Structure formats: C-alpha cells, structure tokens
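Let me begin by presenting the structure, written as structure tokens, before commenting on it.
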Amino acid sequence: MNIVILGCGKVGCELAATLTGDGNDVAVIDKSREALDKVSEDLDILTVLGDGADIDVLKEAGIESAEVFIAVSPYDEVNLLSCLIAKEVSGVETIARVRNPLYYRESGFFLSNLGISMIINPEQQAASAIYKLLRYPALSRVDRMAGGNVLIFTLHCRGEYGFAGHTLAEVRRDTKARVLACAVYRKGAVFIPDGSFVIEKDDEVTFVTPVEDMEIFSKEHNMHNNPTMDIMISGGGRVTWYLTERLINAGRHVRIIELKEDKCEVLSERFPEAEIICGDGTDRRFLTKQGIKNADAFVAATGIDEENIVIANYVKNSAGIKVITKVNRTDLRDVIEALDIDSAVFPKVITSDVIAQYVRAKASGVGRNLEAFYRYMGNSVEIVEFKAVESDPGLGVTLMDLKLKKNLILACIIRDGKPIIPSGRDAVKEGDSVIVVTSHKGITSMGDILES
C-alpha cells in the first residue's frame, strides 16, 4: 500500500518503521529537515519538506495514489485540516491524531461529516491502558481481545507464584484455569516457547486466558489481583483527566497531586469526588507526608519522563504498592527494565499500534477482518486476532497436523463468542476468530501462519 504520514515526531517515526516493515511504501511530510533526515537514515521512505495542509506538498508526497493518509503532527487543527484536504484531493482513507479533549469529544462529527476514517487520542488510549492495569495489579501489562472476552497478560514471575522450575506444560496441567503461556522475556532474550520450556524466577511471561478464568488463575498462584481502590496520581495532565473519569465512575478513591495551583482549581471543579492535593508529586518527603504507603497504587503521570521513572522507582521500593509510570520516550525502555517498576505505559507506542492495526486491516483486503493487533516485549512479539474465512487454507485440519510457522503459537480460537484454549486435537473453522502470538511481522490471516 501507498501511505502518507504527516508528522515526523515519535509517533510518526514509530508508524513509518512499522508500516515499512509490513511492506508498505511510505512518504513522510514534516517542516523539519533535521527530523526528516534522521528518519530517512534508518528507513527507505520518501521524505517531503513542507506543510501538510498545502495541496502541492501533499501531491509531492504522492497523496493522489495513496490509500491511507495519517496526520500525527503536534497540532490538532493541522491534522484535521490536512485530513479534510487529502480526502478532497484523492478520496484517501484519513486518520487524525487529536489530543484536545474538546475536539476529541466531537469525534463523531468529524467521522460522519468530514469523512475522516479514524480519530485517535493518545492520552485517552494511555488512560485506558493504565485503568486495565489498576484492575489487575499483579500484572505488568494486560490487553483485551475477542470483544473483551479474552485477556492477554504479562506478569513478572515472582517466587510466590510457584512457576519457577516448572515447564509450561506442567503449569497448564496443574491449573483449573484455561490458560496458555505464549511468550517469555528473559534477560534481554525473547522466546516463543513450547510446552517443554522451563520457567525461571524473574521471567516475564505472557499468557492468554478467557477473562472469566483470570480469577481462578490468580488464586491458584497467590497473585494479589483484586482491583486497586485507593489510587494516588502524580500530575494533573490529560492522561490523569481521562483516567480519573474512569476511576470515579468505577467507585474508586482518587488522590491527584498537582504542582500548579490553577490546575488544582480546575481539577477540583471537574472532579469534586476526587481529593486534589497541591504540591510536588515528585518530592519523596511530600509523598510520604500524603500517605503514599496507605495507597493501593501510584501512577506517575507528569509531563517529564525522567521524573516519572525516578519517583515510580522510589515509590515501589519504599511503599511496595502497585506502580505505573507514563513514559513518552521509547528509548527509555532499557532504563525502566533495569528498575523495580511494575508497569510502563507508552502513549505513542499504543497510538502507533492502533493505527497500524487499521492499516493492516485495510491491506488484508475485502472479506478479511483483522480484529486486534498488539506488540509486546519491545516490539519483538506481535499478538494478532483475525477472522477465518471460507477461502483460508488449513480450515478443519487439527492443530497437530497443521504446519504452523516456527516461532508462532495459535493461542486461542473464539467460536460463537466462546474462547477455546486449543489442544492439538482442535481445528479452526470458518467464522472463527483466531489469536496468534508470533515473532513474525505482518500476520493478518490463516495463510500467513502456515509454512509455504
């Protein structure tokens, strides 16, 4: 596919790398020659210097032959306007990143009246990811697939969980929950394991399970996985707004620490049910005075990544509660992994994944349905959900006889809305949704998971 991206920031670069990796032809527009030169050093893409709302610039980038236009510049107004112009010029599918809550609330209008195909808000996406982690505090990451009926989750294998020294086949055999381990991260290495793989203490293991079996699995392995009820948040920005709305609606107690007095006043008016504290949420003594050890969870959500990481590490070591940090810079992943932080949420990576899912679904063709797509373990692992159609190869063949690609696990089959964690005797049927976990890129259908 031919794709034009407006904006060469972190999201634009992440998207360009993902989409070129999928085999698409990508052009990137930006006003900064330095940013364009930097991204072109690593990627074989067309770069165009200029304003994305300029028709001539759009044409130079190839908008007239493009299938998708993605606007992720820093400015919502430019993103919306450029999508409108691109649509008028070529009838292309358009995706706009919109961060202003006022504009985002009008997403329905933009979609129905301006012909924009997708509106995405990174802060709202990040808040949703944090909310899920507060629902399952023992996990370092959790995502939902199959319409919310299946959980994909990662946990740090602590000694009390009883996994260390056991094979994955033994873990599955000894639990009443329907669960399958599908990826392991160990000391910088990623594995797509089989049943003989032996878990070691401190491994990061990703599992698949029907949502109703999560509680069974947690109880069997001594995981404290009840929803957090008292949450302290450092920073009163947009992520905090979206997160606080969800937490209050769920009946949780929220304490927000914000340094700026004017922001505190606005937060108090908007969230009268929350406790708004004016102070420095990165000050250790201040956090102690505010009773951080009595909270169930702490979210570091200021606008400064380094401060979020440092204070999250401190809270984890001093209070021993669930800790989540928001981080914008993806190059800080290695720093976070070296520290004792439960979970890190990267809004820009989440945004890139959502857009990439949309593009892959379009590229897979009419009649196919890529339903979900996530990247795990530093983008080394992809977890994909797609629907099996009549023309797919391998339908009706038992998994033990199906020649799957190496480094790929068919982790779950959803039939008539019911999840099946498959054994070798199960087979995929037409109309099933299939979840696969793999180190291969660009999986969208049954044909992609089979050896040629």
*asked:* Among the residues of region 404-420, are any at pLDDT 90 or above and among the small types (Gly, Ala, Ser)?
replied: yes
*asked:* Yes or no: region 416-427 includes at least one residue that is surrounded by 13 or more Cβ atoms within 10 Å (Cβ to Cβ) and basic (Lys, Arg).
replied: no
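Show me the strands (runs of 3 or more DSSP E) found entirely inside region 21-118 where at least 1 residues are touching a Lys or Arg at 6+ places or on another chain (Cβ under 8 Å) and modelled with pLDDT of 95 or more. Steps first, answer last, please.
Details: elements: 25-30, 46-49, 68-71, 93-97.
Once the strands (runs of 3 or more DSSP E) in region 21-118 are filtered for at least 1 residues that are touching a Lys or Arg at 6+ places or on another chain (Cβ under 8 Å) and modelled with pLDDT of 95 or more, what remains is 46-49, 68-71, 93-97.
Given the options Glu215, Glu200, name the one that is among the charged types (D, E, K, R) and part of a loop (DSSP other than H, G, I, E, B).
Working: Glu215 fails: part of a loop (DSSP other than H, G, I, E, B).
Criteria check complete, one pass: Glu200.
Residue by residue, here is whether (1) open to solvent by 20 Å² or more (accessible area, probe 1.4 Å); (2) under 27 Å from Val208 (Cβ atoms); (3) touching a residue at least 12 places away in the same chain (Cβ under 8 Å) holds:
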| site | (1), (2), (3) |
| --- | --- |
| Val315 | no, no, yes |
| Asp340 | yes, yes, yes |
| Ser352 | no, yes, yes |
| Lys362 | yes, yes, yes |
| Leu370 | no, yes, yes |
*Exactly one of (1) under 30 Å from Arg99 (Cα atoms); (2) in contact with a Ser or Thr (Cβ under 9 Å, 6 or more places away or on another chain); (3) free of Cβ contacts under 8 Å to residues at least 60 places away in the same chain is unmet by Gln357. Its number?*
(2)
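Hey, can you tell me all the residues within region 165-189 that are in contact with an Asp or Glu (Cβ under 6 Å, 6 or more places away or on another chain) and not β-branched (Val, Ile, Thr)? Can you show your working first?
Start the filter on region 165-189 by keeping residues that are in contact with an Asp or Glu (Cβ under 6 Å, 6 or more places away or on another chain), which leaves 175, 177-178, 184-186.
Answer for region 165-189, where residues must be in contact with an Asp or Glu (Cβ under 6 Å, 6 or more places away or on another chain) and not β-branched (Val, Ile, Thr): Ala177, Arg178, Tyr185, Arg186.
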*asked:* Against the condition open to solvent by less than 20 Å² (accessible area, probe 1.4 Å), over 24 Å from the mean Cα position of the chain (by Cα) and farther than 30 Å from Thr240 by Cα, how does Val171 come out, does it pass?
replied: yes
_Pair list, Cβ under 6 Å, 6 or more apart: region 150-175 residue among the charged types (D, E, K, R), other residue open to solvent by 60 Å² or more (accessible area, probe 1.4 Å) and assigned to a loop (DSSP other than H, G, I, E, B)_ = Glu160/Asn222
*Condition test on Val11, is it modelled with pLDDT under 95 and open to solvent by less than 40 Å² (accessible area, probe 1.4 Å)?*
yes
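Starting from residues that are over 26 Å from Val335 (Cβ atoms) and in a loop (DSSP other than H, G, I, E, B), keep the ones in region 218-236 and report whichever is modelled with the highest pLDDT.
Of all residues in region 218-236, those over 26 Å from Val335 (Cβ atoms) come to 218-227, 229-230.
Next, only the ones that are in a loop (DSSP other than H, G, I, E, B) stay: 221-227, 229.
Numbers: His221: 93, Asn222: 91, Met223: 92, His224: 88, Asn225: 90, Asn226: 91, Pro227: 92, Met229: 97.
So the residue we want is Met229.
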_If I go through region 121-163 residue by residue, how many of them are more than 20 Å from His221 (Cβ to Cβ) and of a type in the set (Lys, Arg)?_
1
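Do you know which residues across region 428-438 are in a loop (DSSP other than H, G, I, E, B) and buried (at least 22 other Cβ atoms within 10 Å of the Cβ)?
In the first step, residues of region 428-438 are kept if they are in a loop (DSSP other than H, G, I, E, B); the result is 428-432.
Once the filter is applied, which keeps residues that are in a loop (DSSP other than H, G, I, E, B) and buried (at least 22 other Cβ atoms within 10 Å of the Cβ), region 428-438 yields only Val428.
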*Among the residues of region 86-103, which ones are surrounded by fewer than 19 Cβ atoms within 10 Å (Cβ to Cβ) and either under 25 Å from the mean Cα position of the chain (by Cα) or of a type in the set (A, V, I, L, M) (or both)?*
Val89, Arg99, Asn100, Pro101, Leu102, Tyr103
*Looking only at region 227-238, decide whether some residue is more than 19 Å from Arg158 (Cα to Cα), open to solvent by 50 Å² or more (accessible area, probe 1.4 Å), in contact (Cβ under 8 Å) with a residue 40 or more places away in the chain and basic (Lys, Arg).*
yes
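Of all residues in region 265-279 being assigned to a loop (DSSP other than H, G, I, E, B) and over 26 Å from Phe346 (Cα atoms), which is least open to solvent (accessible area, probe 1.4 Å)? Step through it out loud before you land on a result.
Looking only at region 265-279, we keep the residues that are assigned to a loop (DSSP other than H, G, I, E, B), and these are 271-274, 279.
Next cut, over 26 Å from Phe346 (Cα atoms) only: 272-273.
Details: Pro272: 95, Glu273: 120 Å².
For region 265-279, the residue satisfying everything is Pro272.
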*Provide a single number: the residues in region 280-306 that are open to solvent by less than 10 Å² (accessible area, probe 1.4 Å) and either more than 18 Å from Val323 (Cα to Cα) or more than 25 Å from the chain's Cα centre (by Cα) (or both).*
4
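The values are calculated or read from the model by the stated rules, or taken from the named source; none is laboratory data. Note that the structure is a prediction, hence the values are computed from the model and not measured. Using ideal geometry, Cβ is built from the backbone for each residue, glycine included, and neighbour counts are taken over all protein chains shown. Side chains are part of the model used for accessible areas, which takes the heavy atoms of the whole protein and leaves out ligands, DNA and RNA. Shrake-Rupley method; radii C 1.70, N 1.55, O 1.52, S 1.80 Å.
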